[in-house]
Amino acid sequence: MTASNALAGEGPHHCEAQVDPLSALRTPADPPWDVYLTGTVFLDIIFTGLDSAPVRGTESWARGMGSSPGGVANMATALARLGLRTSLAAAFGDDHYGEYCWDALEQGEGIDLAPSRTVPGWHSPVTVSMAYEGERTMVSHGHEPPPEEPAPDSPPPARAAVASLTPGKRAPWIAQAASRGTRVFADVGWDDTGAWDLAGLADLEHCVAFLPNAEEAMRYTRADCPRAAAHALTEHVPLAVVTLGADGAYAVDRDTGESAEVPAIAVEALDPTGAGDVFVAGFVTGTLAGWPLADRLAFAGLTAALSVQEFGGSLSAPGWSEIAAWWRRVQSVEGQDPEALRRYAFLEGLIPREETTPWPLRRAVPTIGFRRSA
């Protein structure tokens, strides 16, 4: 598929996940949502098919372009496409960009936006992403929403929540959610202060799992290798998962004493945007479904590997059709390593057995708001 048509597609339309990974666990007493999250939604404009990075003083033409919700929408979309009932609290601008992102998430992905708000007079944050040679360059613009937006005073009941921790700053909703029995999974961004002090991640005490990358984990723990860092992190959180980039991921469960390591799947990466969000979504899915730790790591790594083979953030989040297609394809390869196949054999009981219509994840259009014909 060429870059010019890789992002072509229809506008937002509702599509149900073909698999409910929690079907065997659901009861009438369950909370209404599997996962709750809050954050900033960006309008992402993605240029693809660039031969190189833009050069100062020149004009570059891209062979492909698409638009989609980004920011926290990457995580929300990844969770919803894996079959989790997802609720999002976010501020949306009252401009056309905000309307587009709202419709794409609510109607296109089936995400609950009841806790979200449209903020009068606030324009949507925008990110322009340029993908080339497996890398990306991004330019963003936006303003902070009013202080009362978007997180509600009390988050809705949910099995789990995903939080992005900010050094030196508490988010009250995290403690509120945890006090209700919601299992909080946390990641973290780069510490611009340079302190790398775990005490500054005060909300970590309310989390059941922490998923930093190797560099972040080693800086926070002062460990000399990612695996030692993962073990050190379990002094602060029950479950530590450290992503190792091309080497896969390593996890330690303090409660069970179990550790697991799963290598990465070798793929041709076109765009890494949103891959970390997809990894977290895959791990949350497996955890809520009660899978063994190694299976959770393998599934998270697989979903992330599938995502980097497509352009964009929320655009590239895989659904069960992509997962099923990958599983059938690797089994058909002659000379496939039997041990590698056994690592993913747990998928056999999950994926649709019959051939299904490919998941309609390429739903971005170059232009927002085409006029409707009479």
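The values are calculated or read from the model by the stated rules, or taken from the named source; none is laboratory data. As the structure is a computational prediction, the values presented were derived from the model and not from experiment. Quick reminder, even Gly has a Cβ in these numbers, built from the backbone with ideal geometry, and neighbours come from all protein chains shown. For the accessible areas, the whole protein counts, side chains as well, though only heavy atoms, and no ligand, DNA or RNA atoms are used. Shrake-Rupley method; radii C 1.70, N 1.55, O 1.52, S 1.80 Å.
Annotations
- Carbon plus sulfur fraction of accessible area for the chain, probe 1.4 Å, in percent: 52
- Check: the stretch 219-352 dipole with +1 on Lys, Arg Cβ and -1 on Asp, Glu Cβ, in debye: 160
- Using a Gaussian network model of the chain in which every pair of alpha carbons under 10 angstrom is joined by a spring, one finds that among ARG219, ARG329, ARG85 the greatest mean-square fluctuation is at ARG329.
- Annotation: per residue accessible area for the chain equals 46 Å², rounded to a whole number [probe 1.4 Å, protein chains only].
- The magnitude of the dipole of the chain, with charges of +1 and -1 set on the Cβ of Lys/Arg and Asp/Glu and taken from the Cα centre, is near 380 debye.
- Cα centre as origin, Lys/Arg/Asp/Glu Cβ charges: the stretch 232-280 dipole, Debye: 60
- Rounded if a/c under 1.5, otherwise prolate or oblate - the stretch 172-277, Cα gyration tensor axes: rounded
- Global form of the chain, assessed from the alpha-carbon gyration tensor, a/c cut-off 1.5: rounded
- Options TRP122, SER87, PHE47, ranked by Cα towards positive dipole end of the chain, top entry (Cβ charges): SER87
- Extreme residue, positive dipole direction of the chain, given options ALA160, LEU198, PHE279 (C-beta unit charges): ALA160
- Between the alpha-carbon centres of the stretch 204-262 and the stretch 35-90 there is a gap of 27 Å.
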